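Reading through the structure tokens given below for one structure.
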Amino acid sequence: MITTGTTLVIGATGTTGSRTAAQLTAAGHRVKAAARRATPVAGAEPVAFDWYDPATHAAALDGVDRVYLIPPLGEPDPAAIMLPFLRQARAAGVRRAVLLSSSAIPEGGPAVGLVHQALPDLFDQWAVLRPSWFMQNFTGAHAHSHSIRDEGTIWTATEAGRVGFIDAEDIAAVAVRALTDEQAPDTDLVLTGPEALSYDDIATTITEVTGRPVTHRRLSYEQMRDRLAAQLPTEFAAILAGMDHAIAKGAEDRTTDTVQRLTGRPPRTFRALLEREMRLGTAGESSRRGVSETTSSPDPGRRE
């Protein structure tokens, strides 16, 4: 790795943002940790940042030469919000941008796919991280973890479709390399865990590791859309339910070697993540609550 200037981590209190900030500071890099309220993050400079408040943008960008981008949560048209900021970032001296997107959203696709498409024209050094679905969706403050805790149930429209679920720590490790390696990736990177699992497999593993019986209940696309629409804007709920439908058709049934190739170590398995949390005590009440609630992930789709 090279010695960097200062990295602005947007969403620094979220699932991947908090881990990326922590790994950067642990490696000796200077970090500005951006959140809606300036929140202390060990080793980082806290700074207030709100995608919807341009008055917060200049101070966040001051002295920054690279940025980790978490799109605004639940926003169906993030390009309209993000692109003016990214142009401002380039003018302010940002040389490298790393965007968190999704394995389900290609360049030029809906939502953050349009930001992905624009990034290479805005920055000479860039990367788009396209992780599969987060393992932390089952352990954090997420719709799945809430339904596990409250009902012993995971609700999806994925049928028997499989997903290469990934640990957010592994996403952050790749983000750090993309931000700090001498040569930026200058491409998009599809990130997965080491195995593709169905939601039936996930429920079985949670049951075996925690001792709490958990089942996967299969919904139709329409049922899933309506369930999500009770919590989210209708358009966004339809996008997320559509992602479940795509999983059912096999869209996420894959694994990649990206984590191993960029970090030099294999990605963590879902069982290993649960067992680690049990050992550390973060899932100490899992038999009563489902699994641990150790991360912040308010987007019922999967993002932080």
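Miscellaneous remarks
- When the criteria are applied in full, ARG227 fails the requirement of being in contact (Cβ under 8 Å) with a residue 40 or more places away in the chain, of a type in the set (D, E, K, R), in the same structural domain as PRO106 (by TED's automatic domain parsing) and outside any loop (DSSP other than H, G, I, E, B).
- ALA173 vs. criteria small (Gly, Ala, Ser) and either in a loop (DSSP other than H, G, I, E, B) or within 18 Å of SER102 (Cα to Cα) (or both): yes
- Scan of segment 244-262 for residues that are basic (Lys, Arg) and more than 30 Å from ASP181 (Cα to Cα), ordered by number: LYS249
Table: residues versus (1) surrounded by fewer than 24 Cβ atoms within 10 Å (Cβ to Cβ); (2) of a type outside the set (S, T, N, Q); (3) in contact (Cβ under 8 Å) with a residue 40 or more places away in the chain.
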site	(1), (2), (3)
GLY17	no, yes, yes
GLN23	yes, no, yes
HIS29	yes, yes, yes
ALA33	no, yes, no
ARG36	yes, yes, no
ALA48	yes, yes, no
ALA55	yes, yes, no
ILE81	yes, yes, no
LEU100	no, yes, yes
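- Test for ALA26: is it more than 20 Å from THR139 (Cβ to Cβ), over 16 Å from the mean Cα position of the chain (by Cα) and modelled with pLDDT under 95: no
- Residues in segment 106-136 that are touching a Phe, Trp or Tyr at 6+ places or on another chain (Cβ under 8 Å) and in contact (Cβ under 8 Å) with a residue 60 or more places away in the chain were compared, and the one that is farthest from ASP257 (Cα to Cα) is PRO120.
- Number of the exception - VAL64 against (1) in contact with a Ser or Thr (Cβ under 6 Å, 6 or more places away or on another chain); (2) more than 26 Å from ILE239 (Cβ to Cβ); (3) in the same structural domain as LEU119 (by TED's automatic domain parsing); (4) modelled with pLDDT under 95: (4)
- Lone qualifier among ALA80, ALA58 - being closer than 30 Å to ALA238 by Cα, out of contact with any Phe, Trp or Tyr (no Cβ under 9 Å at 6 or more places or on another chain) and in a helix (DSSP H, G or I): ALA80
- Residue match in segment 195-207 (condition: at pLDDT below 95, buried (at least 23 other Cβ atoms within 10 Å of the Cβ) and not basic (Lys, Arg)): no
- Some residue of segment 125-138 being assigned to a helix (DSSP H, G or I), surrounded by fewer than 19 Cβ atoms within 10 Å (Cβ to Cβ) and touching a strand residue (DSSP E or B) at 6+ places or on another chain (Cβ under 8 Å): no
- Hey, GLY43 more than 24 Å from ILE81 (Cβ to Cβ), at pLDDT 95 or above and assigned to a loop (DSSP other than H, G, I, E, B) or not: no
- Residue match in segment 262-281 (condition: buried (at least 19 other Cβ atoms within 10 Å of the Cβ) and β-branched (Val, Ile, Thr)): no
- Looking across segment 218-252 at every residue that is surrounded by 15 or more Cβ atoms within 10 Å (Cβ to Cβ) and of a type in the set (D, E, K, R), the one that is farthest from GLU75 (Cα to Cα) is identified as ARG218.
- Being of a type in the set (Ser, Thr, Tyr), more than 20 Å from the chain's Cα centre (by Cα) and surrounded by fewer than 19 Cβ atoms within 10 Å (Cβ to Cβ) is a description that does not apply to THR187.
- In segment 1-40, residue nearest to PHE134 (Cα to Cα) [restricted to those that are among the charged types (D, E, K, R) and in a loop (DSSP other than H, G, I, E, B)]: ARG36
- When the residues of segment 140-162 are filtered to those that are within 17 Å of THR15 (Cβ to Cβ) and in contact with a helix residue (DSSP H, G or I) (Cβ under 6 Å, 6 or more places away or on another chain), the one that is surrounded by the most Cβ atoms within 10 Å (Cβ to Cβ) is HIS144.
- Residue in segment 118-128 that is out of contact with any Leu (no Cβ under 9 Å at 6 or more places or on another chain) and under 28 Å from ALA229 (Cα atoms) present: no
The values are calculated or read from the model by the stated rules, or taken from the named source; none is laboratory data. This structure is a prediction, so every number in the text was calculated from the model and none was measured. Cβ atoms come from the backbone with ideal geometry, glycine included; neighbour counts cover every protein chain shown.
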